[in-house]
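Read-outs throughout are calculated quantities, based only on the coordinates presented, and are distinct from any laboratory measurement. Nothing here was measured: the structure is a model prediction, and the numbers come from that model. Quick reminder, even Gly has a Cβ in these numbers, built from the backbone with ideal geometry, and neighbours come from all protein chains shown.
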Amino acid sequence: MVNESQQLCTFTVDRYTFGVEVQKVQEVLRFQEMTRVPLAPWVVRGLINLRGQIVTAIDLRRRLGLPDAPSGVSPMSVILRTEQGAVSLLVDKIGDVREVSRELFEPPPVTLGDLGRDLIHGVYKLPEKLLILLDAEQAISSAVGRAKAAPGRGENGTGVVAPGVKESKTDGRIAR
């Protein structure tokens, strides 16, 4: 049997190590200034001007239900190629490109639950740690396309989340 391998671009979010297929990565960047977008989903931190191309920046911490990064810590960007164009995943730290053996791969356990199973393809069992293979398309599409209110956050009835915004159920007006 041939030992097949896969190249992954790795990064960390909180204490977790993730990887995405190298072919999906356009580039990795240090912190880029972002422009916030009113009424954007909670996980969308803003827009980045990437050499004239406007790119949506998705906070992977928020997408994964993790606490925001400590104050003063700037995220880094993993720019991914998608059918809709480039999208930035904001991560804590960029890792290396790692070649991993498919023999070390395990699908997500059935006990993980739907949300976790939707966001990951599985896990590589490396000698020093587990490397989570992120389903980048699912993380992006579900973050932007089907945004849900975060705990304690308002939702305006269109699936768009904005902190502190609530919609009146009687007349649809937005109250702050």
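If we count every other residue with Cβ under 15 angstrom of Tyr124's Cβ, Lys/Arg +1 and Asp/Glu -1, where does the sum land? Provide the component values of the computation, followed by the final result.
Details: positive: Arg98, Arg102, Lys125, Lys129; negative: Glu4, Glu21, Asp96, Glu99, Glu103, Glu106, Glu128, Asp135.
Summing Lys and Arg as +1 and Asp and Glu as -1 gives -4.
Charges at C-beta only: +1 for Lys and Arg, -1 for Asp and Glu. How large is the resulting dipole of the range 5-145 about its Cα centre, in Debye rounded to 20?
Values: 16 positive and 17 negative charges, 62 e Å.
Charge dipole of the range 5-145: 300 debye, to the nearest 20.
Just flag the GluC sites (Glu not before Pro) in the range 1-94 sitting in loop per DSSP whose Cβ has no more than 10 other Cβ atoms within 10 Å.
On the way: sites: Glu4, Glu21, Glu27, Glu33, Glu83; in loops: Glu4, Glu33, Glu83.
Answer in residue order: Glu4, Glu33, Glu83.
Pull out the extension gain between Gln138 and Arg81, defined as 0.36 nm times the separation in residues minus the alpha carbon to alpha carbon distance; nm, one decimal.
Values: separation 57, 0.36 × 57 = 20.52 nm, distance 1.32 nm.
Extra length from Gln138 to Arg81 when fully extended: 19.2 nm.
Whole-Hz Karplus ³J(HN,Hα) for the range 128-136, in order, using 6.51 cos²θ - 1.76 cosθ + 1.60 and θ = phi - 60°, x for Gly and Pro?
For the range 128-136, the Karplus-derived couplings read 9, 5, 8, 10, 8, 8, 6, 8, 4 Hz, x marking Gly and Pro.
Which order do the peptides 8-15, 124-131, 87-94 come out in when sorted by mean C-beta neighbours inside 10 angstrom, highest first?
Details: 8-15: 18.5, 124-131: 13.2, 87-94: 21.9.
Answer by packing, highest mean first, reads 87-94, 8-15, 124-131.
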